[in-house]
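Input: a single structure, listed below in structure tokens.
The values are calculated or read from the model by the stated rules, or taken from the named source; none is laboratory data. Nothing here was measured: the structure is a model prediction, and the numbers come from that model. Ideal geometry is used to build each Cβ from the backbone, glycine not excepted, and the neighbour counts take in all protein chains shown.
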There are 2 protein chains.
Amino acid sequence: MNKMLMKQFSLLLLLQLTCYFSSGRCGNVLAWPVEYSHWINMKAILEELVTRGHEVTVLISSASIFIDPSKPSAIKFEIYPASVTKEEYENFFMHFFGEWTYLEKNSFWTYFPAMIRIIRKYFEISLKFCKDLVSNKKLMTKLQESRFDVILADAVGPGGELLAEILNIPLVHSLRFYPGYAMEKHGGKLPFPLSYVPIIMSELSDHMTFMERVKNMIHALYFDFWFQAINEEWSQFYSEVLGKPTTLFEAMGKADIWLIRTYWDLEFPRPLLPNFDFVGGLHCTPAKPLPKEMEEFVQSSGENGIVVFSLGSIIRNLTEERANIIASALAQIPQKVLWRYNGKKPDTLGPNTRLYKWIPQNDLLAFITHGGTNGIYEAIYHGVPMVGIPLFADQPDNIAHMTAKGAAVRLDLKTMSRTDLVNAVKQVINNPFYKENVMWLSTIQHDQPVKPLDRAVFWIEFVMRHKGAKHLRPAAHDLTWYQYHSLDVIGFLLACVASSIFLVTKCFLFCCQKFVKTGKKKKE
Amino acid sequence: MNKMLMKQFSLLLLLQLTCYFSSGRCGNVLAWPVEYSHWINMKAILEELVTRGHEVTVLISSASIFIDPSKPSAIKFEIYPASVTKEEYENFFMHFFGEWTYLEKNSFWTYFPAMIRIIRKYFEISLKFCKDLVSNKKLMTKLQESRFDVILADAVGPGGELLAEILNIPLVHSLRFYPGYAMEKHGGKLPFPLSYVPIIMSELSDHMTFMERVKNMIHALYFDFWFQAINEEWSQFYSEVLGKPTTLFEAMGKADIWLIRTYWDLEFPRPLLPNFDFVGGLHCTPAKPLPKEMEEFVQSSGENGIVVFSLGSIIRNLTEERANIIASALAQIPQKVLWRYNGKKPDTLGPNTRLYKWIPQNDLLAFITHGGTNGIYEAIYHGVPMVGIPLFADQPDNIAHMTAKGAAVRLDLKTMSRTDLVNAVKQVINNPFYKENVMWLSTIQHDQPVKPLDRAVFWIEFVMRHKGAKHLRPAAHDLTWYQYHSLDVIGFLLACVASSIFLVTKCFLFCCQKFVKTGKKKKE
């Protein structure tokens, strides 16, 4: 017994020492994730934290869909019972994605209100989960007693900042985007000069015509307005829980570090703040050998090479008509095609195309993608030109950026014909322009002083080592909106100038009058 | 002969290989430095570049004072004849520093115009050097033929950006600050929200009262106005040389990377852009053993420890009265004092104080400093609390920042008494508040993902590898000032709103009139 204890002690000591040398000391990390592709990205960070000897606990609800706690992993899961069932939650998401994908996008005035309605539903269901968690006194006590050193939260699923406040621990946000950058702007205090920073969901580039800049500003105003409204319910809930008046933006703004899941290959250069780091592509790794059957199929392509087609981790089925158009288009190209697809096998599927449930992105000729951020980064990492068929969320913007940078051709899922798809694939494969541009983006992605994953982990460890990173947080958080924009100062200075002009004019008129009077008297 | 050639060839090959592995390939760097402390900082970068196998050529005038090409070094110097003699140039600087140091600082309305006059003289003499260089056809041809890969230029001494344009090579700026951040704002397109970013030379912190924010805005407007005027002459000269209309701000804005010589320990967090990196303290290195005589003196201090007093690389003499006050104050403290001083030995010098021409900053108890950026960073690096006696330029701001962060006590050279100095030194030594705060700043400085010197070199090598870094440069550079501030868009939208209101009102009135008329008719 004593020997076993000794052994355990030695092991613990070794782990502690490994940790000590890598980052100061072993930390205790709590994670607040979001489903689907968001989880793929966060998991890469959490696994690296575990590798470096930290303890990681992921907080998920009993309705969790994509995050699978049963898979063997060094990551611990804390599951809280939710008032929503898994089936309801999955149905919600399927409806959410489907509705958004097939929205009529032609008119700003119909598309955006419909989109806001859809987004609103997401925040409503997220609030339910958050309420379930906070009202679970037993779990909250357990979390309190676990003495976490930091919480890593996906900012698009609010709740992490509330936990950070309740548990009184530092907060690191992981974020791809908030619609219209509303959270980055109001929560993070990032400046967004609308003249050259295209607001996300506007699908614009950094070089805009006058009317595009008008469009950009309307987008910004629109999202600002709606997110103030959406957040009201959250702000009320946070205020009740914390027992003090607060807002969602204010609570989010308490983050020590924001890890944004893009970089300057996907994004256009724009202002940032010292507590923002751009760690896009952190989940990318060098290509691994393919499963045998897949490898043989790929090898059989010979000189022609392969094309990969994937619409991401969410969309499993297309309408039969769309699937057939895609299949018949793919049948027309000389390359072998790997298609990630879960639905019914299309009738027009050619012999050069095979369906798979999952595909790694190795040495491809072209990638037909829905434009999710993870997929885009895999294409950039491996230097593969893209045919983009965006569906919803940031995907249209991602493809718009890739098109602007000459690394992709864009198609529309609802309207594209077989010929459109064939031509687009041929174009990105045969025109060296696309390959050259994506290779340059790949160079940018690889040629960084520190790899994105290492930077993400560095900042989480930094926050654990020093119990925060307040020295990187701008004082803008302590100002009201009119103070932040210096409206009070501008008003005061204008008032001073006006008063001065008034006084000088008065004095001048007074003197003139005196002079005229004296003149008159003299004349008399 | 053949053997020697072989040997030389092998050596060359070895050097090329070293270089190949460290950064892709050996580069050819041209440097455009500024005198005094600026050179100390740039030299640290250049020496590192040489260590990594790059070839470095520094372009200096025959009047150069502080930059000594005769010292043995792997750095090459290209000296061009100047129309100003070394003596004239040194006299100019002594007058420049002396005048600025002893300016009456109490009133904004007298201090700033006097300061602008002094700064103007600096830019006038700098323009002379620049004209001397560009008109030297032989040298310009030689530079053209040298095929440099990049120019590293200290942005406070204009000329580097002109050379970059003429030689058609990428440009990396090294910069501490431009008065009022005029260049960072207009040349670099950095946003400066005046509500929480204290404009340099305002001596404010990031937490400002209403009146301080008013002061900050007045400072910004003041410097903007004056620097537009100062730059006019430069813009004219650049336009003539390049044969196209341009401005100094525009030419400076072509920089690929800006290496700012501060970090978030000295600075308050503020917005940056992807092509700005904050590499403050890159010249700092771990303490080296002291010369024997100095070490013995230091050792003799025993438990009391030592204090270092230095007013930087420029100020060599003080007035006799000031020197005596300082000497008598230093005589009153129990510590041993190392004083970096070149002037006449003060009569009141105590036995605990020794004068030196140069002092390394090792394990000190306290550092009495003028607050130059290099010195501040040495104090931060080694975690030494400061007594700040700022003289001119960014020194008052540096000390204001250190005071706001609780790492320094501030004194005024012109008015401080013996007691003031004694008390200040005792305070920073005996009150643990100062030591704790400066140790936190030291932690921030040391706990970075990549050391500042490595980051600086990385970006210079990046620019050489890829012939620029245009992907990090914001599109703001392609906009006019009113486009940048979206004034045209705001105007257009306001006009739209006004027109709508007008039309709606007109329609409403028209309908009302109709209604009234119909009513009247009915009545009739």
*asked:* With within 30 Å of A:Glu378 (Cα to Cα), surrounded by fewer than 16 Cβ atoms within 10 Å (Cβ to Cβ), in contact with a Ser or Thr (Cβ under 7 Å, 6 or more places away or on another chain) and assigned by TED's automatic domain parsing to the domain that holds A:Thr262 as the only criterion, which of A:Glu99, A:Glu104 stands out?
replied: A:Glu104
*asked:* Being under 26 Å from B:Met42 (Cα atoms) and more than 26 Å from the chain's Cα centre (by Cα) narrows it down to one residue among B:Pro334, B:Pro269, B:Pro289, B:Pro274; which is it?
replied: B:Pro289
*Failed criterion for B:Thr247 (all others in (1) more than 18 Å from B:Ala476 (Cβ to Cβ); (2) away from chain A (no Cβ under 12 Å) hold)*: (1)
_Which count do you get for residues in segment A:41-69 that are crowded, with 19+ Cβ neighbours inside 10 Å, part of a loop (DSSP other than H, G, I, E, B) and either acidic (Asp, Glu) or without any contact (Cβ under 8 Å) to a residue 12 or more places away in the chain (or both)?_
0
_Anything in segment A:85-103 that is within 20 Å of A:Gly372 (Cα to Cα) and not in a helix (DSSP H, G or I)? List them, or say none._
A:Tyr102, A:Leu103
*For segment A:457-466, indicate whether the set of residues that are outside any helix (DSSP H, G or I), facing chain B (nearest Cβ under 10 Å), farther than 22 Å from A:Ile376 by Cβ and touching a residue at least 24 places away in the same chain (Cβ under 8 Å) is non-empty.*
no
_I need every pair where a residue in segment B:330-344 that is closer than 20 Å to B:Asn304 by Cβ has its Cβ under 8 Å from the Cβ of a residue that is crowded, with 21+ Cβ neighbours inside 10 Å and of a type in the set (Lys, Arg), sequence separation at least 6 or different chains._
none
*Those residues of segment A:467-477 which are part of a helix (DSSP H, G or I) and within 7 Å of another protein chain (Cβ to nearest Cβ), in sequence order*: A:His471, A:Leu472, A:Ala475, A:Ala476
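Okay, residues lined up against (1) surrounded by 19 or more Cβ atoms within 10 Å (Cβ to Cβ); (2) aromatic (Phe, Trp, Tyr); (3) more than 21 Å from the chain's Cα centre (by Cα):
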{"position": "A:Ala327", "(1), (2), (3)": "yes, no, yes"}
{"position": "A:Gly343", "(1), (2), (3)": "no, no, yes"}
{"position": "A:Pro346", "(1), (2), (3)": "yes, no, yes"}
{"position": "A:Leu364", "(1), (2), (3)": "yes, no, yes"}
{"position": "A:His370", "(1), (2), (3)": "yes, no, no"}
{"position": "A:Val387", "(1), (2), (3)": "yes, no, yes"}
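Could you say whether any residue in segment B:480-498 is away from chain A (no Cβ under 14 Å) and surrounded by fewer than 20 Cβ atoms within 10 Å (Cβ to Cβ)?
yes
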*How about segment B:259-299: which of its residues are assigned to a loop (DSSP other than H, G, I, E, B), over 15 Å from B:Gly383 (Cα atoms) and more than 14 Å from every other protein chain (Cβ to nearest Cβ)?*
B:Arg261, B:His283, B:Lys288, B:Pro289, B:Leu290, B:Pro291
*Only one of these conditions is not met by B:Ile151: (1) out of contact with any strand residue (DSSP E or B) (no Cβ under 8 Å at 6 or more places or on another chain); (2) within 16 Å of B:Tyr238 (Cβ to Cβ); (3) touching a residue at least 40 places away in the same chain (Cβ under 8 Å). Which number is it?*
(1)
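Does B:Ala251 fit the bill of being assigned by TED's automatic domain parsing to the domain that holds B:Pro170, under 19 Å from the mean Cα position of the chain (by Cα), small (Gly, Ala, Ser) and closer than 30 Å to B:Leu133 by Cα?
Yes: the conditions hold for B:Ala251.
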*With respect to B:Leu364, is the statement that it is part of a strand (DSSP E or B) and at pLDDT below 95 true?*
no
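Matching residues to (1) more than 30 Å from A:Gly280 (Cβ to Cβ); (2) crowded, with 18+ Cβ neighbours inside 10 Å; (3) not assigned by TED's automatic domain parsing to the domain that holds A:Leu49:
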{"residue": "A:Val425", "(1), (2), (3)": "no, yes, yes"}
{"residue": "A:Pro432", "(1), (2), (3)": "no, no, yes"}
{"residue": "A:Val438", "(1), (2), (3)": "no, yes, yes"}
{"residue": "A:Phe458", "(1), (2), (3)": "no, yes, no"}
{"residue": "A:Gly468", "(1), (2), (3)": "no, yes, no"}
{"residue": "A:His471", "(1), (2), (3)": "no, yes, no"}
{"residue": "A:Val504", "(1), (2), (3)": "yes, no, yes"}
*Which residues, taken from segment B:210-248, are hydroxyl-bearing (Ser, Thr, Tyr), under 25 Å from the mean Cα position of the chain (by Cα) and either outside the structural domain of B:Ile166 (by TED's automatic domain parsing) or assigned to a helix (DSSP H, G or I) (or both)?*
B:Tyr222, B:Ser235, B:Tyr238
*Does A:Phe502 fit the bill of being more than 10 Å from every other protein chain (Cβ to nearest Cβ), modelled with pLDDT under 95 and farther than 27 Å from A:Ile151 by Cα?*
no
*Tally, over segment B:206-223, of residues that are surrounded by 16 or more Cβ atoms within 10 Å (Cβ to Cβ) and either over 22 Å from B:Pro113 (Cα atoms) or touching a Gly at 6+ places or on another chain (Cβ under 8 Å) (or both)*: 6
*What number of residues within segment A:416-435 satisfy the criterion of being under 27 Å from the mean Cα position of the chain (by Cα) and without any contact (Cβ under 8 Å) to a residue 24 or more places away in the chain?*
0
_Being assigned by TED's automatic domain parsing to the domain that holds B:Leu330, at pLDDT below 95 and surrounded by fewer than 16 Cβ atoms within 10 Å (Cβ to Cβ) is the requirement here; does B:Lys414 meet it?_
yes
